[in-house]
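The values are calculated or read from the model by the stated rules, or taken from the named source; none is laboratory data. Source: prediction; values computed, not measured. Glycine gets a Cβ as well: all are built from the backbone with ideal geometry, and neighbour counts include every protein chain shown. Calculation scope for accessible area: heavy atoms of the full protein, side chains included, ligands and nucleic acids excluded. Shrake-Rupley method; radii C 1.70, N 1.55, O 1.52, S 1.80 Å.
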Amino acid sequence: MHRRTQRLPNPRQATIRRAIERASFAVLVLAATACGSGKEATEPAEKTAAGPPPEADFPAADREIQFQIADDPERTWTVAPELALDTLRVECDDDTPTSVRFTSTLAERTFEVRTTEPIEFFVALDDGARAHTRIECVPVRIRFAGDYGEPGPLEERDLAAELAAGPFDAHLREMVEKRKIPGLAVVVTQGAETLFVGSYGVENIKSGAAMTPDSSARLASATKVLTGLVFLAAAEDGVIDLDEPLEAYLDGTPDAWKGIPLWRVLNHTSGLPTMAKLEDHPAFADGGTDLSHRDLFEVLREFPLDFEPGSRMRYQQTGYSLLALLLMEQTGKGWDELLDEHVLRPAGMTQTRYGDSASGGPVNYELLDGAPAPTDYQYPRVMSMAGGYNTTAADLARLFHALHEGKIVGLDFLERQVLDPERLPEGQGYSLATIVKRFGTTPTLGHSGGGGLADLRFAPGERIGFAAVTNRGSSDLAYDVTDEVAEFLFGPPPS
């Protein structure tokens, strides 16, 4: 089941935030869902309580409709009937409803959305298609970087002392409380030193076990950072060449796929088929739980490309499974072995592994009637390299230390590959399994996952890494935290 999520600010925040995180929510994951289908879903599909009863259909003649949040300028919303749920997330104050007006050539309707009352309706198109649409509130971003003044040159600052100061910890506690997050863990490193590590709340509400730096938490789509490092390490070792086309390594590559370089799969510009076309395929009757990578390839190769390679970017997961197949067949090793060899073992990451609810993964929560409630999540093995791994804040600190020391991949090689303008088209912000975000003049590399479950960032030039992991999705908290840490360290993003 495939869902798309877009977050937009309230009238007091005029710019659209996190264009790349919007793509990060719009993931295409094969999984069985609560309704028993084998469709695509947001991060892994999660069994959650049913949403509010849908309001009356909103009629539209075509897929382009307009929407306006309070007094902000109108923007265009492209209706997507092929998605299981299309979500518009709006920043709202706790006690004040925010108006969202939808306009088509056939109708106009204004919705009043509140923090605890999402609104669902169907956009009914003239061709008979219906798009399930949801409007929900997220809290206005809580800022703390301003408490520290303008950041000076890093070499002149005592970062550990600044981070240990009261305001940083106090603001993290405030964010946890306001976002109703059961547990949060945060880590900041520089070189071989850990500058800050903090944990808040509980990892399990029922047991009352405290959240610690060693508490397991879902990476969700932030798993792609680990996967990207596997391919970069293999490329640096000469096992593969990211500029080579798929057919150089993948037996049976269809003619339509030939000429697509490996790097286009990593930055989602390949046009390879996504899972949305496969919901009725008999291979996915059980949600794909028993599929092998070769099985998935044999099904996907039956379908045409979604678009001309390089003509656009569409965030998806299937390409990562196909790349895993390619590298496994090239080396004769399984994916877990490759990940361990290239990333986990060199970094000493002993707490990072695959897992969902059925296989002992960490407890995950979503808001239900305004309070955190446990929710199941499923992630088939065949897609695990796109979003199925769990980790700890302590392990992420080890990852950053290993990157600093060049134990996984050389930093010069990492920067050249990821920041190559061809692989990072202007305005796209997405490179090789990596979201590139700039703060001040500093590029940071990393990825978010799960609607704010996890976010990790690494600034190779400064050898600084920082990450936040939580146990409640759809909160935006993890990347609110990492954004603020980045602003504290490097200054705000370029305007």
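For Phe144, the stated conditions do not hold, so it cannot be described as within 28 Å of the chain's Cα centre (by Cα) and at pLDDT 85 or above. Please work out if Val90 is within 30 Å of Glu487 (Cβ to Cβ) and at pLDDT 70 or above. The answer is yes for Val90. Could you check, for segment 223-230, whether at least one of its residues is under 23 Å from Gly271 (Cβ atoms), open to solvent by less than 10 Å² (accessible area, probe 1.4 Å) and either among the polar types (S, T, N, Q) or more than 23 Å from the chain's Cα centre (by Cα) (or both)? Yes, segment 223-230 contains at least one residue that is under 23 Å from Gly271 (Cβ atoms), open to solvent by less than 10 Å² (accessible area, probe 1.4 Å) and either among the polar types (S, T, N, Q) or more than 23 Å from the chain's Cα centre (by Cα) (or both). Pairs are defined by a Cβ separation below 8 Å, a sequence spacing of at least 6 or placement on different chains, a first member in segment 300-316 that is in a loop (DSSP other than H, G, I, E, B) and at pLDDT below 90, and a second member that is surrounded by 13 or more Cβ atoms within 10 Å (Cβ to Cβ) and acidic (Asp, Glu); the pairs so defined are Arg314/Asp306.
Within segment 356-391, how many residues are part of a loop (DSSP other than H, G, I, E, B) and more than 21 Å from Ser475 (Cβ to Cβ)?
Initial filter on segment 356-391 (part of a loop (DSSP other than H, G, I, E, B)): 356, 360-363, 369-370, 379-380, 388.
Among the residues that remain, those that are also more than 21 Å from Ser475 (Cβ to Cβ) are: 360, 380.
Result for segment 356-391: 2.
If you filter segment 322-355 down to residues that are open to solvent by 20 Å² or more (accessible area, probe 1.4 Å) and assigned to a loop (DSSP other than H, G, I, E, B), you find that the one that is nearest to Leu219 (Cα to Cα) is Gln351.
For segment 360-380, a residue qualifies if it is open to solvent by 50 Å² or more (accessible area, probe 1.4 Å), in contact (Cβ under 8 Å) with a residue 40 or more places away in the chain and closer than 25 Å to Gly348 by Cβ, but none of them does.
Among the residues of segment 253-291, the ones that are of a type outside the set (A, V, I, L, M, F, W, C), open to solvent by 20 Å² or more (accessible area, probe 1.4 Å) and either in a helix (DSSP H, G or I) or modelled with pLDDT under 95 (or both) come to 10 in all.
From the list Ala164, Ala107, Ala160, Ala124, the lone residue that is at pLDDT 90 or above and open to solvent by 60 Å² or more (accessible area, probe 1.4 Å) is Ala164. Of the residues making up segment 401-426, those that are in a helix (DSSP H, G or I), open to solvent by 40 Å² or more (accessible area, probe 1.4 Å) and without any contact (Cβ under 8 Å) to a residue 60 or more places away in the chain are Asp412, Glu415, Arg416. Arg294 meets the conditions (1) open to solvent by less than 50 Å² (accessible area, probe 1.4 Å); (2) not in a loop (DSSP other than H, G, I, E, B) in every case but one. The failed one is (1).
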